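Read the structure below first, then the notes.
The values are calculated or read from the model by the stated rules, or taken from the named source; none is laboratory data. This is a predicted model, so every value here is computed, not measured. No Cβ is skipped: glycine too gets one built from the backbone with ideal geometry, and neighbour counts run over all protein chains shown.
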Amino acid sequence: MTGQTPPDAQSDAAASGATILGCAGPDLAPSERDFFRDADPWGFILFARNVDTPDRLRALTGDLRDAVGRDAPVFVDQEGGRVARLRPPDWRDWPPALDMAQTGGARAMYLRARLIADDLRRAGIDGNCAPLADIAGDGTHPFLRNRCYGTGLRDVVACARATADGLMAGGVLPVVKHMPGHGRAQADSHKDLPVVEATLHDLRGSDFAAFRALSDLPLGMTAHIVFPALDPDAPATLSRAAMDEVRGWIGFDGLVMTDDLSMHALSGTMAARAAAARVAGCDIVLHCNGDRAEMEGAVAGAGRMDADGAARAAHALACRHAPDTADLASMAAELADLTGWACDV
């Protein structure tokens, strides 16, 4: 992986297919390589099934980039806590984000993110699906609640900003999620379609406001949630009205990717889901489970990036840079002082 992607490589990547795709295991099969070469996804995403040893993971990220012939971004969900695809003994372990944020505040979240970025970059990964700007409440579903950074707007924004800054300082692109806000959902969108009945006034006063404060970040991920105040008939990922809110009142002009299209909150064929997300205004569709037939549908439905999406993709890649110089051991010691959490470097 290069430290700074050349401008011509950024342009080539921005003109790719409007997909981010996963692969089946810890090694790239020849048939997958051929499929990715033809499908030309903008980027890739990894899960625990793809992670074995550090050397094997570095080889996989290199093979994925070789398959498309460019320095494509490779993403992962490495939030820390329950959602962490890279785990000990080869990578650092972390407590839930809510615990660390409430104990150590924004500074602790910056240090946490900077150390996570170090793990990712050494594995050849340069994108992380974090920070979360979802605000935890009494009714937040347990699948999400302790992944959040706080229960109030100000704390969540401060910790999300610090997390994004820490990732970018470590050479990793942040993906803020889940737009326009997942905190009020009382169902798990991996299994069901949540409906949030709050008024637009209330949503803009808290949930949506968190993303508005972070609207300058280069990438964002949608939520598979119905907001009747915006659109009673479709989840945000598939709703033009919701995407207009993201681009309009929230003011987000970064690259918008869907949450995983294979989640059970959505219905219909994979091609129909992908096409609906693109019509709604999503720049990129995300398909994570590595199933070849489903990926073929997602690729067909998503098509190629349009001019606006290509420009946003180029801007996101231009934000990718080599890690800054940092004393990671001192950062880990400071984090331990703030939170009591010992983190080996």
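I'm checking my understanding of the structure. Among residues of segment 71-86 that are among the acidic types (D, E) and in contact with a helix residue (DSSP H, G or I) (Cβ under 9 Å, 6 or more places away or on another chain), which one is surrounded by the fewest Cβ atoms within 10 Å (Cβ to Cβ)?
D71
Among the candidates T269, T222, T237, T258, single out the residue that is over 30 Å from A318 (Cβ atoms) and of a type in the set (S, T, N, Q).
Answer to the selection: T269.
Across segment 102-155, what is the number of residues that are in contact with a strand residue (DSSP E or B) (Cβ under 9 Å, 6 or more places away or on another chain), of a type in the set (K, R) and under 20 Å from V74 (Cβ atoms)?
Qualifying residue count, segment 102-155: 0.
Could you tell me whether segment 45-57 includes any residue that is more than 17 Å from the chain's Cα centre (by Cα), more than 28 Å from A298 (Cβ to Cβ) and not polar (S, T, N, Q)?
Yes, because at least one residue in segment 45-57 is more than 17 Å from the chain's Cα centre (by Cα), more than 28 Å from A298 (Cβ to Cβ) and not polar (S, T, N, Q).
Among the residues of segment 32-62, which ones are among the polar types (S, T, N, Q) and either crowded, with 21+ Cβ neighbours inside 10 Å or touching a residue at least 40 places away in the same chain (Cβ under 8 Å) (or both)?
Answer for segment 32-62, where residues must be among the polar types (S, T, N, Q) and either crowded, with 21+ Cβ neighbours inside 10 Å or touching a residue at least 40 places away in the same chain (Cβ under 8 Å) (or both): N50, T61.
If we scan segment 253-276, do we find a residue that is more than 17 Å from H182 (Cβ to Cβ), touching a Lys or Arg at 6+ places or on another chain (Cβ under 7 Å), crowded, with 18+ Cβ neighbours inside 10 Å and of a type in the set (G, A, S)?
Yes: one or more hits.
How many of the residues in segment 308-341 are in a helix (DSSP H, G or I) and farther than 20 Å from D93 by Cβ?
11
Which of the residues that make up segment 277-298 are charged (D, E, K, R) and either assigned to a strand (DSSP E or B) or crowded, with 23+ Cβ neighbours inside 10 Å (or both)?
Once the filter is applied, which keeps residues that are charged (D, E, K, R) and either assigned to a strand (DSSP E or B) or crowded, with 23+ Cβ neighbours inside 10 Å (or both), segment 277-298 yields only D283.
When segment 170-206 is examined, which residues are found to be hydrophobic (A, V, I, L, M, F, W, C) and out of contact with any Lys or Arg (no Cβ under 9 Å at 6 or more places or on another chain)?
V175, V176, M179, A185, A187, L193, V195, L200
Which numbered condition trips up V196, out of (1) buried (at least 18 other Cβ atoms within 10 Å of the Cβ); (2) under 18 Å from the mean Cα position of the chain (by Cα)?
So the condition that V196 fails would be (2).
Considering each residue of segment 218-252, count those that are in contact with a helix residue (DSSP H, G or I) (Cβ under 8 Å, 6 or more places away or on another chain), surrounded by fewer than 24 Cβ atoms within 10 Å (Cβ to Cβ) and under 16 Å from R278 (Cβ atoms), and give that number.
Adding up the residues that qualify gives 2.
Is it the case, given these coordinates, that R114 is surrounded by 24 or more Cβ atoms within 10 Å (Cβ to Cβ) and either among the polar types (S, T, N, Q) or within 17 Å of the chain's Cα centre (by Cα) (or both)?
Here the answer is yes, as R114 does meet what is asked.
Considering only residues that are part of a helix (DSSP H, G or I) and hydrophobic (A, V, I, L, M, F, W, C), which ones fall in segment 206-255?
F208, A209, A210, F211, A236, L238, A241, A242, M243, V246
Just to be sure I understand, how many residues within segment 117-152 are closer than 24 Å to G181 by Cα, β-branched (V, I, T) and either at pLDDT 95 or above or surrounded by 23 or more Cβ atoms within 10 Å (Cβ to Cβ) (or both)?
2
Can you spot a residue in segment 89-100 that is surrounded by fewer than 17 Cβ atoms within 10 Å (Cβ to Cβ) and closer than 30 Å to F36 by Cα?
yes
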